[in-house]
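Single-structure report; data block below.
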Amino acid sequence: MKRTRFGSRDRLSRDAAELQRLSTGLSESGGKLEDSYWEAQLGEMVDSLLKNGAEDDINTALDRLFEANPRAHDELADMVEARAETMRMEAKGSEFDIMLFTAPVLAWSRFSIPSCPVPKATVEALATQLGAHVFGADSRVALADFLFSPDQLPRSFCDTWLLTQSLGEAALAGQHLAVDSNGMPETNRFLSDVRYLVGAIAIPRGKPLFRWNEKDGSKEGALKEWIKQGSPNLEALLTGCAWQPLLPDAYHAGCRNADRLSRPYSLKASVAFLQTMLGLMPADIRAVVGPCYDRRMEEYRVGLGPKDADDTYHGIVWPLLGAEDEATDAAGEIEAVLRECGVKDVLFLDHHFPMEFCDDCGAPLFPNAEAELAHAEMPEQAAANSQALH
């Protein structure tokens, strides 16, 4: 799966070439012992490049391998992600494993979804609940004191590595990380979106990282207790929102899981939004679903409107993620979610729609029952409260 990052140089540097060589060797390895050899060599080099901020070399190697050797690309991408979100540190003569994590929260609101500093008392309470119910008994937890939107998360592997280092040091010191929000990217406003608590754990080497790594633990139990015990502290941060905490996990895995689960959540949120704003019951909604293509199929777009008219009131983009393609049964998942919401009139269009956007506002255009791409427009009585959908 290609990890999308930012920019790369056309010329292949010596370091980028060496990354390709080591990744190819690992991808061709025939046994665990050889795996260990290549992983040690590749890990050491990736560590050096992350420490030196050599983002371009990493991205160049990833881009070249994506075209030439997909298996080696995946080995390199996995290694870079792992080294960006984990490291080893010493404290008082003992070695600790550091892991960056995220605790995502799905949210929707007809108002703005907050992205904001988290009060000190709330940070302490959330860290306590995470330590008690999500992470291993010997973990030390440090949180960044900010509720991040997707636009405000680190934008590169090197930035992620720096955040891991800062939060790891805070965890070993028994502190939390104060975030300077000045100059943070502006948060795009969507009806439905994800918010992230970001932190790190410090674990003595060899000890369980997560509660479900322990003999009497499970992921289901950890999530249940996190929702039960963590929710009262999240409530004050998400005023005016409906929200759903997800299972905290290692940074990149947690972000990918949030991306995946945000798609059905956005569908459910949009149906609830139309019912709240317009009194339009799910049984009176028509959903029109069409695939959109660039060089390949990139996403489904879902237009929602009244079943007795051709209007499109709202739209949802359902992007294909990772290795998903036309053969993936995303259409079946979309239909299942809509029917679960009570939407019975679901129309799938067998068209190759282009990735078109509004020339004036930049919003995506959505398919209607006439098999045309149209701008989603709320009726006049609700237009003042209308927002774009993620």
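The values are calculated or read from the model by the stated rules, or taken from the named source; none is laboratory data. Note that the structure is predicted; figures quoted are calculated from it, not measured. Positions of Cβ are backbone-derived with ideal geometry, glycine not excepted, and every protein chain shown enters the neighbour counts. Calculation scope for accessible area: heavy atoms of the full protein, side chains included, ligands and nucleic acids excluded. Shrake-Rupley method; radii C 1.70, N 1.55, O 1.52, S 1.80 Å.
Structure notes:
- Ellipsoid equivalent to region 243-390 - semi-axes via the Cα gyration tensor, in Å: 23, 19, 15
- Cα-derived Rg to Rh of the chain, Kirkwood definition: 0.99
- Where N is the number of residues in region 1-145, Cα Rg divided by 2.2 N^0.38 Å: 1.32
- Accessible surface of Arg296, taken over heavy atoms with a 1.4 Å probe and every protein chain present, rounds to 110 Å².
- In whole angstrom, region 137-253 maps to an equivalent ellipsoid with semi-axes of 24, 21, 13, each derived as √(5λ) from the alpha carbon gyration tensor and ordered largest first.
- Angstrom value of the Kirkwood radius, inverse mean 1/r, which spans all Cα pairs in region 72-173: 15.4 Å
- Set of lysines with alpha-carbon distance to Lys224 below 18 Å, sequence-local pairs under 8 removed: Lys215
- Estimated FRET transfer efficiency when R0 is 35 angstrom, pair Ala327-Ala363 (beta carbons, to 0.05): 0.75
- Reachable aspartates and glutamates from Lys228, criterion Cα separation under 18 angstrom, eight or more residues apart if same chain: Glu124, Glu220, Asp249
- Comparing Tyr313, Tyr251, Tyr293 in a Gaussian network model of the chain (Cα springs below 10 Å), the most mobile by mean-square fluctuation is Tyr293.
- Surface composition of the chain: carbon plus sulfur atoms contribute 47% of the solvent-accessible area (1.4 Å probe, protein chains only, all chains present).
- By a 1.4 Å probe calculation restricted to protein chains, Lys307 has an accessible surface near 90 Å², given to the nearest 10.
- Solvent-accessible surface (1.4 angstrom probe) belonging to Arg83, in square angstrom, nearest 10: 70 Å²
- Based on the reciprocal of the average 1/r between different C-alpha atoms, the Kirkwood radius for region 180-313 equals 18.5 Å.
- Spin-label proximity, Ala121 to region 222-240 - amide N less than 19 Å from point 7 Å beyond Cα toward beta carbon: 229-239
- In this simple spin-label approximation, Arg88 and Glu298 carry label points 7 Å from Cα along the Cα→Cβ vector, and these lie 4.3 nm apart.
- Per residue, the chain exposes an accessible area of 48 Å² to a 1.4 Å probe, with every protein chain left in place.
- Which listed pairs, of Lys51/Lys207; Lys32/Lys207; Lys219/Lys307, have C-alpha distances above 30 Å, in listed order: Lys219/Lys307
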